[in-house]
Every structure is written in structure tokens, then in C-alpha cells.
Amino acid sequence: MKRLSGMRDSLRQQPRPQIERIERRLFLKQGLSLGALALLSGCDVTDDDSVQRVLSGMSRWNDRVQSWLFDPDKLAPEFPESAITKPFPFNAYYDRDEIRTVDAASYKLEISGLVREKKPWTLPELYALPQVSQITRHICVEGWSAIGKWSGVRFSEFLQRIGADLTARYVGFKCADDYSTSIDMRTALHPQTQLTLRFADQILPPDYGFPMKLRMPTKLGFKNPKYIVAMFVTNDYPGGYWEDQGYNWFSGS
Amino acid sequence: MSLADTSYVRVHPLPVRVTHWVNALAILMMVLSGWRIYNASPLFGFRFPNDWTLGGWLGGALQWHFAAMWLLAGNGLIYVCYGVLSGHFRRKLLPVSPSAVLHEVGQALRGRLAHDDLTLYNAAQRAAYLAAIALGVLLILSGLVIWKPVQFQGLGMLMGNFEGARYVHFFAMAALVFFVVVHVVMVALVPRTFPSMFTGRIRVPSKGE
């Protein structure tokens with residue numbers, strides 16, 4: 001004790017600039033090690049179970065906030081033909097050489113869940129329904145965006161046509177490329193949500209999801225499933241390919 | 001020399017100290033996860049080293065970013081409300097005259113940083129702290145446009161919509177990181193300001209009377 005206080009006294013007697021140099025050095029050292037700790041532990045921190053629980057909890061909270069922010073009457077901006085991005089980027093969880101080809105002749109869209117008419121739909125039947133078009137911005141979760149033209153059946157009309165329970169919570173999709181996703185009913189009923197059969201006035205090419213995708217300019221790109229082969233209406237949270245790995249479920253724009 | 005030679009004055013009220021450190025943590029999480037998100041689709045011809053980022057992958061970084069944003073915005077709101085209502089901003093950050101700011105920045109760059117009275121912010125500090133608050137607001141607004149370009153399209157029109165907001169968000173981040181670097185260097189140059197951000201008081205050197 002005596003020695004300590006003696007040290008303190010002798011420190012105090014040091015000329016001030018020297019103390020300040022020591023303080024400065026200490027501060028820099030502590031600051032740097034704190035920064036290094038934060039940086040080095042970044043990946044491990046995310047993998048920690050309790051941290052992951054908090055992050056998932058916040059993601060569920062963000063689902064609720066986004067649902068509350070979502071205005072069912074607010075339209076995404078539409079653009080002139082001249083604004084269309086060419087070439088439109090290809091994007092999937094696999095490379096271009098693994099694109100699935102769906103056989104048009106044998107194709108049937110399966111319908112299940114809380115729906116009155118569960119009869120599968122063939123492509124000629126879908127092409128015969130009233131068609132609408134939109135030129136909108138597709139925004140990818142990665143940050144890039146591109147403007148394209150999509151045409152098809154207004155999804156709210158299709159849901160009414162098949163007698164879907166419009167008070168149900170979710171519409172889920174299963175795809176020929178083993179992809180899956182699900183959306184909230186309010187977005188499903190949004191006027192710009194479209195069961196897309198054409199891209200740039202041509203039958204939807206394999207790159208962009210032949211024979212059918214769901215186009216929603218009010219959601220991020222990964223929520224817009226391609227190569228759809230089955231859809232279902234449900235009250236049980238269906239999740240999805242990316243959502244199950246941690247992407248935010250609502251992901252609205 | 002005796003203890004009486006060292007006196008202390010109160011400089012930082014408790015709400016400022018608490019919100020400062022919460023903000024420092026929130027900014028750290030936002031910037032490091034933001035760099036990972038940037039890397040998924042870079043605006044410019046470079047990426048941030050992944051070792052300097054938070055989240056491990058794009059989905060993890062997005063989770064961090066969209067969780068920490070509540071901490072940043074909530075804490076920022078408390079700070080701004082306190083600053084306005086208590087008169088803290090008016091007393092400490094105003095007035096700020098452009099000529100005085102230029103003069104003092106010039107002095108500082110020539111190594112003649114005059115900061116005798118640590119209870120007062122000089123003009124350069126006032127300008128820097130006001131700029132940091134403004135950058136925080138700009139980051140939140142541009143972030144809202146990137147997060148919800150359809151719902152907040154009115155706000156988006158002010159900054160070039162989704163694509164423009166990405167650039168605004170990036171440059172506001174770069175400016176804020178620059179502020180943090182200068183801020184930390186300044187603290188290192190005047191180290192007795194550092195403990196005052198925890199204790200609220202600062203040691204005033206005796207005037208040799």
C-alpha cells in the first residue's frame with residue numbers, strides 16, 4: 001500500500017507532458033485491442049446461440065413492423081419501355097448451367113390448402129386468363145436492381161377465381177428447382193402482384209423462370225419465386241429456401 | 001504537490017455519456033455489417049476485407065444491420081430529444097460561425113490546437129458534432145429508402161430513389177467513419193478528455209497560482 005501510494009506520488013511529480021504521453025499510449029493500446037476484439041470475434045459472435053436467438057427475434061419483430069408499414073394501396077413506380085435494363089441479370093442459388101427446364105406439355109400448376117377449386121391448371125388454361133403488364137424495378141437482397149417488363153394474371157384475381165380463403169395468412173410456393181418461398185396474404189392481394197407468364201412480351205424464358213413466376217414489385221427479388229409448380233394457401237408459417245437460412249421473411253420494399 | 005492542485009469540472013451530463021457509448025456500439029455494428037452488405041453488390045471497384053465485417057455472410061450481416069438499426073435510431077432519438085429539450089445543444093453546440101470553424105481547423109492542421117477550456121467546445125468541434133448528428137439523420141433517412149423504396153418513395157424522390165439512396169447511404173457512412181477517425185485521433189491527442197466520457201468530469205490543470 002505504502003509503495004503504491006509512493007508510486008502514485010512519484011508519478012504525480014512527473015512533468016505533465018510525460019504523464020500525458022503515457023496516458024496517450026495506454027489509450028491507443030486499449031482502443032486498438034478493443035477494436036481488434038470486436039473485429040476478430042465478428043463471425044463467432046454471429047454463430048453464438050444466444051446471439052442468434054436475439055437476431056432471429058429482431059427479424060420476427062421486423063416482419064411485424066414491415067407488415068404494419070405495408071400500404072396495400074401504394075403502388076411501386078412503373079417505368080417507360082426505354083428504362084428497361086438490358087440484358088436483365090440472371091440470378092438464382094445456382095449457376096446458369098443448372099437451370100431446370102420444365103416440360104410445357106405435361107406442366108400442371110398444383111393447388112392445395114385453403115382453396116375451394118383444387119383442380120390443377122395447364123399452361124393453355126393460364127394463358128387464356130385476362131393478362132396485365134407492368135414495367136417495374138426488381139430489387140435484389142444483394143443491393144443491385146434492374147427494370148424489367150412482366151406480363152401475366154393479376155394474382156388477386158387468380159386467388160378469387162380458385163376460391164382461396166382470402167382471410168388466410170400465407171400463400172406458399174414450391175418450385176421445379178427445389179426452391180420455395182411464402183408471402184403474406186395482403187401482399188398476395190396487392191394490385192401489382194402478378195402470376196407472371198411472359199417476360200419482355202415473350203413467353204417467360206427458362207432463365208427467368210419458365211413456365212411461371214410470381215412477380216411482386218413490393219418485395220425483394222428472392223421473394224419472387226420462379227419455375228412455380230405448386231401453390232398453397234395456409235395459416236401455418238411455411239418459411240422458404242432462403243428464409244430458413246436467415247433472410248428476413250417479409251422482405252418488403 | 002497536493003490533491004488541491006487538481007480540480008475537476010463537470011462536462012458531460014449522464015444522458016450524453018450513456019447515449020454516446022450506446023451510439024458508439026450501434027455505429028460499430030452498423031458499419032461492420034454494412035460493409036458486408038456492400039460487398040454483396042459493390043457500388044465501386046473494391047470490397048471491404050471480409051475479416052473486417054460483421055455477420056459472416058450476407059444474411060447474417062442483414063440480421064445485424066436490421067437489429068442494430070433499432071438501437072441506433074432509438075438511442076439517437078433519445079439523444080436528440082434530450083439535446084433539444086434540456087438546452088444541451090443550444091449551450092454546447094451553438095452558435096457556430098463558418099469563419100471561426102475554418103480558422104480553427106487551419107490552426108489544428110498546423111499543430112496549434114488551442115483547447116484550453118475543455119468545458120467549452122471550440123468552433124471546429126461544434127461543427128464536427130453537428131455534422132455527425134446530421135450524418136446520422138441522413139444515414140437513417142437514406143437507409144429507410146433502401147429498406148422500403150416503395151413505402152417511402154416520397155422520401156426516395158429527394159435522393160434519387162433506390163439507386164440514389166445507395167450512394168447517399170455509402171457517402172454518409174464514409175463521412176461518418178472519417179468523423180470517427182478524426183474524433184479518436186483528437187481524443188488521443190488530448191487524452192484527459194477520454195475518462196471524462198465515463199465519469200462526466202474532467203481534470204483541470206492548475207494554473208500555477
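The values are calculated or read from the model by the stated rules, or taken from the named source; none is laboratory data. Quantities reported herein were computed from a predicted structural model and do not represent experimental measurements. Note that we place each Cβ from the backbone using ideal geometry, even for glycine, and neighbour counts take in every protein chain shown.
Key figures
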item	result
Selected residue [out of contact with any Pro (no Cβ under 6 Å at 6 or more places or on another chain) and within 14 Å of chain B (Cβ to nearest Cβ)] from A:Gly239, A:Gly209	A:Gly239
Which listed residue, of A:Gly148, A:Gly113, A:Gly152, is buried (at least 16 other Cβ atoms within 10 Å of the Cβ) and touching a Leu at 6+ places or on another chain (Cβ under 7 Å)	A:Gly152
Residue among B:Arg112, B:Arg91 that is closer than 23 Å to B:Val9 by Cβ and surrounded by fewer than 17 Cβ atoms within 10 Å (Cβ to Cβ)	B:Arg91
Meets criteria (within 13 Å of chain A (Cβ to nearest Cβ), within 21 Å of the chain's Cα centre (by Cα), surrounded by 20 or more Cβ atoms within 10 Å (Cβ to Cβ) and of a type in the set (Gly, Ala, Ser)) for B:Ala24	no
Pairs where the first residue, in the stretch A:237-249, is free of Cβ contacts under 8 Å to residues at least 40 places away in the same chain and the second is among the hydrophobic types (A, V, I, L, M, F, W, C), C-beta under 7 Å, 6+ apart	none
Residues satisfying the stated conditions in the stretch B:115-130, i.e. over 22 Å from B:Val177 (Cα atoms) and either modelled with pLDDT of 75 or more or surrounded by 16 or more Cβ atoms within 10 Å (Cβ to Cβ) (or both)	B:His115, B:Leu118, B:Thr119, B:Leu120
Looking only at the stretch A:47-87, and only at residues there that are among the charged types (D, E, K, R) and assigned to a helix (DSSP H, G or I), the one that is farthest from the other protein chains (Cβ to nearest Cβ)	A:Glu81
Per-region count, the stretch A:111-150, residues among the acidic types (Asp, Glu) and over 14 Å from A:Leu195 (Cα atoms)	2
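Yes or no, residue by residue, for (1) among the hydrophobic types (A, V, I, L, M, F, W, C); (2) on the phi < 0 side of the Ramachandran plot:
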{"site": "A:Arg137", "(1), (2)": "no, yes"}
{"site": "A:Glu142", "(1), (2)": "no, yes"}
{"site": "A:Phe155", "(1), (2)": "yes, yes"}
{"site": "A:Ala164", "(1), (2)": "yes, yes"}
{"site": "A:Ile183", "(1), (2)": "yes, yes"}
{"site": "A:Ala188", "(1), (2)": "yes, yes"}
{"site": "A:Ala200", "(1), (2)": "yes, no"}
{"site": "A:Lys223", "(1), (2)": "no, yes"}
